[in-house]
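> Starting off with a structure, shown below.
The values are calculated or read from the model by the stated rules, or taken from the named source; none is laboratory data. As the structure is a prediction and not an experimental result, all values here were calculated from the model. Cβ: placed from backbone, ideal geometry, glycine included. Neighbour counts: every protein chain shown. For the accessible areas, the whole protein counts, side chains as well, though only heavy atoms, and no ligand, DNA or RNA atoms are used. Shrake-Rupley method; radii C 1.70, N 1.55, O 1.52, S 1.80 Å.
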Amino acid sequence: MAKLVGLLWLAAVISCAQPAVVREAYAKFEYRIPMRDGVKLFTSIYIPKDVFTDAKTYPIMLMRTPYNVAPYGIDQYRASVGPSDLFQREKLIFAYQDVRGRFMSEGDYTIIRPHKPVKSSPQDTDESTDTYDTVAWLTQHLPGNTGKVGMWGISQPGFYATAGMIDAHPALVAVAPQAPVTDYYMGDDVYHNGAFMLAHRFAFYMGFHPREGGPQPPPSAQPFQYGTPDGYEFYLSMGSLANADEKYFKHKQPYWTLNIDHTAYDEVWQSRAIWKHLKNIKPAVMLVGGWYDQEDPQGLLKQFDFMEKNTPPVDMLVMGPWSHGGFSRGDGDRLGNVNFGSKTGVYYREKIEFPFFMYYLKGKGDGKFPKAWVFQTGMNQWRRFDAWPPKEAKVAEIFLERSGKLSWDRPAEAGFDEYLSDPAKPVPYLDRVIQNVLASYMTEDQRFAAKRPDVLVYKTEPLEHDVTIVGPIGVDLKVSTSGSDSDFDVKVIDVYPGDYPDFNNPTPAAATPGTVPMGGYQQLIRGEPFRGKFRRSFEKPVPFEPGKPDRIQFLLPDVAHTFRAGHRIMVQVQSSWFPLTDRNPQKFMDIPKALSTDFVKAAERVYFGGADGSRIQVRVAE
């Protein structure tokens, strides 16, 4: 929902403002650019006026989007142009395009349109060909362009940036997919390890509708009325996922239907996994994401890993302490209750993003960029590495033990812990009343969850020295359930000392009502759900045999985090995370078709100790 609200807010600002700074420096043009199959795509162009008065020349920056390029009309100007005001002041030619089938562009829209690796005729189009044809037209027809093009985009526009660098036009020299949708099913917006991201998907599709009729500007829309500020209450009252269509979408939202009709990693999702096609990439690439991206945390990392293994181009991974798209706005000095000690967003825009494009588009700077430029949370400092994860990092294991302990040594004594999972009383993902997904939930305090009887808690003794973990975190659980399916959600948490200084409110007199004291804070570092029936594969689910121990192994997305001396490492295990994810009825079935009577309680066991007990696998760096 944060994405949708941000987009609506941005559209409102753009449509209402008449920004003098852009109007004074740029001339606006609107074109309908023909694609190879004859479809024309609406494109807004902003060209510096000194192209016409002083014969100046500039590179082109292109963004392609399904969210609209408002305001429409050559006398209506955007509030700003480019990825940041640095680009606007530097002056470039900026091009914004409605993708095929959206708003003022012709053609039919397919959400995250599949890539076609083999093309036999001009009718075989995809987002890579539409980008190629757009770049070719821009460089051939726009006055004052240097013949060099850069491309960027955040979220779904990040998907279009990724697609555009496949079989790219030679003029496209630099691309920055930012928080991109890379694989809708495997850890991005829609599914995480088989669990449906309920609250975000519902809110998003309430505002992202198919176009009715031909090309047209965005219609005015009324926000959906939940009838309560409490999202937990709203989604629990909704009941089964099937009820959402009956009660709210009224069978008129095909994108929602696509989500719930395809609960396994089938051809529909596999065909939309753009990362599988990222071979022999020619442009320079900067992949940008946030450690705390509440919408697309995994795809970017998968994209980087695949590109590194398949004839790597000139590329760089940038990760900072941001929520979805947080690097593009604001200071980035904090997220939720967690303070990062510096303006990380400003640093990124000034020291990383702008120099990257200036080097490849204008030849400015030395072009010496690291392979990975990441912000190390906990220690709160930027780090540069020549590989990701860093080659010097050493694999280590942390073992679950009796009495809620975590140990670096394998416990000899085997046993299990047990809790009762009740779908009628799912574990909330937050301890407050909120309607939609909180942008900062991935840094939120987990003390409320640790107090619930249906959440298992394991923690180390206070650390004697700093421990820095980098890269993905492996989860290896030995579990059983009295049901035939269950979720197992795993959270890795940084537990602050009880006397930790409260930098947000350094003195009691300065305390702000509603602020969370940081002493004893249990900061979520990484957390992911796992739908147990997909433990063998995401293509073909299999039931549990009730009561029989089985194994669940998966990866939590990468981190670069230091647990400081005196802190503890904590692991929480639970079987619901609501309404962040949908409820598992704990019965092996097609969950969107579950009836209220299908939701049953289940006794969940997590086994520890011995040769095959549950553990967490990390990479420890200096």
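> With the contact rule set at Cα under 8 Å and sequence spacing of 6 or more, what percent relative contact order holds for region 475-607? Spell out each step's value before the answer.
On the way: 242 pairs, mean separation 57.1, N = 133.
Answer for region 475-607 is 43 percent.
> So, with +1 on the Cβ of K and R and -1 on the Cβ of D and E, and no other charges, what is the size of the charge dipole of the chain about its Cα centre, to the nearest 20 debye?
Using Cβ point charges on Lys, Arg, Asp and Glu, the chain gives about 880 debye.
> Let me ask something additional. If the limit is 30 Å between Cα atoms, which of 148/368; 116/247; 279/540 go over it?
116/247
> I've got another one for you. To make sure I understand the rule: partners must be lysines, Cα under 21 Å from the Cα of residue 405, and not fewer than 8 residues away in the same chain. Which ones qualify?
Those lysines meeting the cut-off are 451, 459, 478, 491.
> What's the carbon and sulfur percent of the chain's accessible surface, probe 1.4 angstrom, rounded to a whole number?
For the chain, the apolar C and S fraction of the accessible surface comes to 53 percent.
> For residue 279 and residue 75, calculate 0.36 nm times their separation in residues minus their Cα-Cα distance, and state this gained length in nm to one decimal.
Length gained between residue 279 and residue 75: 69.3 nm.
> Among 215-223, 422-430, 254-262, 193-201, how do they line up by average Cβ neighbours within 10 Å per residue, starting with the highest?
On the way: 215-223: 11.4, 422-430: 19.7, 254-262: 17.7, 193-201: 23.7.
Answer by packing, highest mean first, reads 193-201, 422-430, 254-262, 215-223.
> Once amide H atoms are built 1.01 Å from N in the peptide plane, which residues 5 or more positions from residue 588, or in another chain, come under 5 Å H to H?
For residue 588, whose amide H was placed from the backbone, the distant partners under 5 Å are 484, 485.
> For the Cα atoms of the chain, what angle does the longest principal axis make with the long axis of helix 299-309, in degrees from 0 to 90, nearest 10?
That works out to roughly 80 degrees.
> Moving on to the next point. Tell me the label-point distance for the pair residue 257, residue 448, using the 7 Å Cα-to-Cβ offset, in nm and rounded to one decimal.
Spacing of the two 7 Å Cα→Cβ label points: 3.6 nm.
> Output the peptides 442-453, 62-73 sorted from most to least packed, where packing is the average of other Cβ atoms within 10 Å over each peptide's residues. Let's see the in-between values first.
Numbers: 442-453: 18.5, 62-73: 21.2.
Most protected by this proxy first, the peptides run 62-73, 442-453.
> So what's the gap between the Cα centers of region 442-498 and region 304-372, to the nearest angstrom?
If you average the Cα positions of each part, the centres end up 29 Å apart.
> Restricting to Cα pairs below 8 Å that are 6+ residues apart, what does the relative contact order work out to for the chain? Please round to a whole percent. Present the calculation step by step, with values, prior to reporting the outcome.
Values: 1423 pairs, mean separation 91.0, N = 622.
Relative CO of the chain lands at 15 percent.
> Take peptides 171-178, 392-399 and line them up by average Cβ neighbours within 10 Å, highest first, as a rough protection proxy.
On the way: 171-178: 25.4, 392-399: 14.8.
Averaged packing, sorted descending, gives the order 171-178, 392-399.
> Could you tally the net charge around residue 382, taking each other residue with its Cβ under 13 Å from the Cβ of residue 382, Lys/Arg +1 and Asp/Glu -1? Don't jump to the answer; show the numbers that get you there.
Details: positive: 343, 351, 383, 384; negative: 350.
Around residue 382, the charge tally is +3.
> List the lysines whose alpha-carbon lies under 17 Å from that of residue 391, not counting same-chain residues fewer than 8 positions away?
Straight-distance partners of residue 391: 309, 371.
> Also, quick follow-up: Check residue 104: other-chain or 5+ apart residues with amide H under 5 Å from its amide H, H built from backbone geometry?
It is 216, by chain and number.
> To continue, here is another question. Provide the gained length on full extension for the span residue 224 to residue 465, in nm with one decimal, where the gain is 0.36 nm per separating residue minus the Cα-Cα distance.
81.8 nm
> Oh, and also: Looking at the chain, send over the antiparallel percent of its DSSP beta bridges, to the nearest 5.
On the way: 78 of 109 bridges.
Taking every DSSP beta bridge within the chain, about 70 percent pair in antiparallel fashion.
> Evaluate the distance, in nm, between pseudo-label points positioned 7 Å from the Cα of residue 402 and of residue 121 along their respective Cα→Cβ axes.
Distance between the two pseudo-spin positions: 7.2 nm.
> Based on the Cβ-Cβ distance from residue 245 to residue 598, what FRET efficiency comes out when R0 is 22 Å, to the nearest 0.05? Display every interim value, and only then the final one.
Values: r = 17 Å, r/R0 = 0.78.
Once rounded, the FRET efficiency stands at 0.80.
> With a point put 7 Å past each Cα toward its Cβ, work out how far residue 37 is from residue 140 in nm, to one decimal.
With each label point 7 Å from Cα toward Cβ, the separation is 1.9 nm.
> Shape call for the chain from the C-alpha gyration tensor, a ≥ b ≥ c root eigenvalues: rounded (a/c under 1.5), prolate (a/b greater than b/c) or oblate?
prolate
> Let me check against my output: what whole-number percent is the relative contact order of region 229-373, with C-alpha pairs under 8 Å and at least 6 apart?
For region 229-373, the relative contact order is 17 percent.
> A further question follows. Determine ³J(HN,Hα), in whole Hz, for all residues of region 533-550 in sequence, where each value follows from phi through the Karplus function 6.51 cos²θ - 1.76 cosθ + 1.60 and θ = phi - 60°; x replaces Gly and Pro.
5, 9, 5, 8, 6, 7, 7, 10, x, 9, x, 7, 8, x, x, 8, x, 9
> How much accessible area per residue does the chain have, in Å², with a 1.4 Å probe?
38
> Let me ask something additional. Rounded, prolate or oblate: pick one for region 443-587, where a ≥ b ≥ c are the square roots of the eigenvalues of its C-alpha gyration tensor, a/c under 1.5 means rounded, and failing that, prolate if a/b is larger than b/c, else oblate.
prolate
> Oh, and also: How far is helix 198-207 tilted, in degrees, relative to the longest principal axis of the Cα atoms in the chain, given as a value from 0 to 90 rounded to the nearest 10?
Taking Cα atoms only, the helix is inclined about 20 degrees.
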